[in-house]
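Just below is one structure, and these are the notes that go with it.
The values are calculated or read from the model by the stated rules, or taken from the named source; none is laboratory data. Remember, it's a predicted structure, so these values are computed and weren't measured experimentally. Cβ placement follows ideal geometry from the backbone for every residue including glycine, while neighbour counts extend to all protein chains displayed. In case anyone asks, the SASA skips ligands and DNA or RNA and just uses the protein heavy atoms, side chains included. Shrake-Rupley method; radii C 1.70, N 1.55, O 1.52, S 1.80 Å.
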Amino acid sequence: MGKVVVIDHPLIQHKLTYIRDENTGSKEFRELVEEVSMLMAYEVTRDFPLQETEINTPVGPAKTKVIAGRKVGLVPILRAGLGMVNGMLKLIPAAKVGHVGLYRDPETLKPVEYYCKLPTDLPERDLIVIDPMLATGGSAVAAIGFLKERGAKSIKLVCLIAAPEGISAVQSAHPDVDIFAGAVDSHLNDHGYIVPGLGDAGDRLFGTK
Ligand code: PRP
Ligand code: URA
């Protein structure tokens, strides 16, 4: 079973409060989502292996460490996942970015695919699927499924806020995938929204419904 890591760093918890606040406008919301995503990238990459290298400092030779040639792929689930890309890229600038376009049908709550563009060397990459909200889990389960169909072998899922229902759905469909979240909230309401959550992440990021 994949692990669930709730990243309870004070900076993340503080910023999440303002992300959740209904009085926070789109500009500040976008900035905060970017900042929290950057902080989450720090934790998500904690298990990247290091290798020794030799350099010269101005004072003399030094044996130091660099990340051991990891090829990373970020995969935002469109559209709200886009809000997390730049923050993650600040810490993982060499990552390639693939896109999976899914929207949740408001009646059935089932994900509908409308776009998919991924790095060609998917099987060699450590993939980080990003989406602010893990609600029923339908979108994340489908996106991870697309990646696996195309040969992906190493996948992590990163979200700002998860519902217990979404975590269970991902764990049962994809037990090999670790989930990183800023918070795990109480439950879903009748419309499939996370309670208390933050509302509709895509609408708040982009100001459109
Ligand atoms: C939101 C969110 C997730 C999905 C989560 O996207 O960004 O992708 O819902 O819900 P689920 O876990 O029940 O599938 P939405 O479908 O609203 O599309 P958008 O990003 O274009 O706004
Ligand atoms: N998608 C969102 O944007 N918010 C939720 O609470 C659930 C799904």
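The largest-to-smallest principal axis extents of the Cα set in the stretch 90-153 are 39, 26, 18 Å. Distance between the C-alpha centres of the stretch 7-72 and the stretch 160-177: 23 Å, rounded to the whole angstrom.
In the neighborhood of Tyr114, defined by Cβ-to-Cβ distances under 14 Å, what is the net charge if each Lys or Arg adds +1 and each Asp or Glu adds -1? Net local charge, Tyr114 excluded: +2.
The GNM of the chain, with springs linking C-alpha atoms under 10 angstrom apart, assigns the highest mean-square fluctuation among Thr64, Thr17, Thr120 to Thr64. Summing charges over all other residues whose Cβ lies under 11 Å from the Cβ of Met1, with Lys and Arg as +1 and Asp and Glu as -1, gives -1.
Packing around the peptides 175-187, 137-149, 157-169, taken as the average count of other Cβ atoms within 10 Å per residue, puts them in this order, highest first: 157-169, 137-149, 175-187.
Rg over Rh for the chain works out to 1.00, both radii taken from alpha-carbon positions and Rh defined as the Kirkwood radius.
Loop-located trypsin sites (Lys or Arg not before Pro) across the stretch 1-97 with a Cβ neighbour count of 12 or fewer within 10 Å are Lys3, Arg46, with loop assigned by DSSP. Distance between the C-alpha centres of the stretch 78-116 and the stretch 180-209: 15 Å, rounded to the whole angstrom. Computed over the alpha carbons of the stretch 115-191, Rg followed by Dmax gives 12.5, 40 Å.
Go ahead and estimate [θ] at 222 nm for the chain from helices alone: -39,500 (n - 2.57) per DSSP H run with n ≥ 4, summed, over the residue count, rounded to 500.
Calculated from helices alone, the mean residue ellipticity at 222 nm is -9500 deg cm²/dmol.
In the assembled protein chains, Glu28 presents an accessible area of approximately 90 Å² (probe radius 1.4 Å). Beta bridges per DSSP, both residues in the stretch 1-126: antiparallel share near 75 percent. Simple rule: put +1 on each Lys or Arg Cβ and -1 on each Asp or Glu Cβ in the stretch 1-112, find the dipole, and look at Gly98, Gly69, Leu16; the Cα lying farthest toward the positive end is Gly69.
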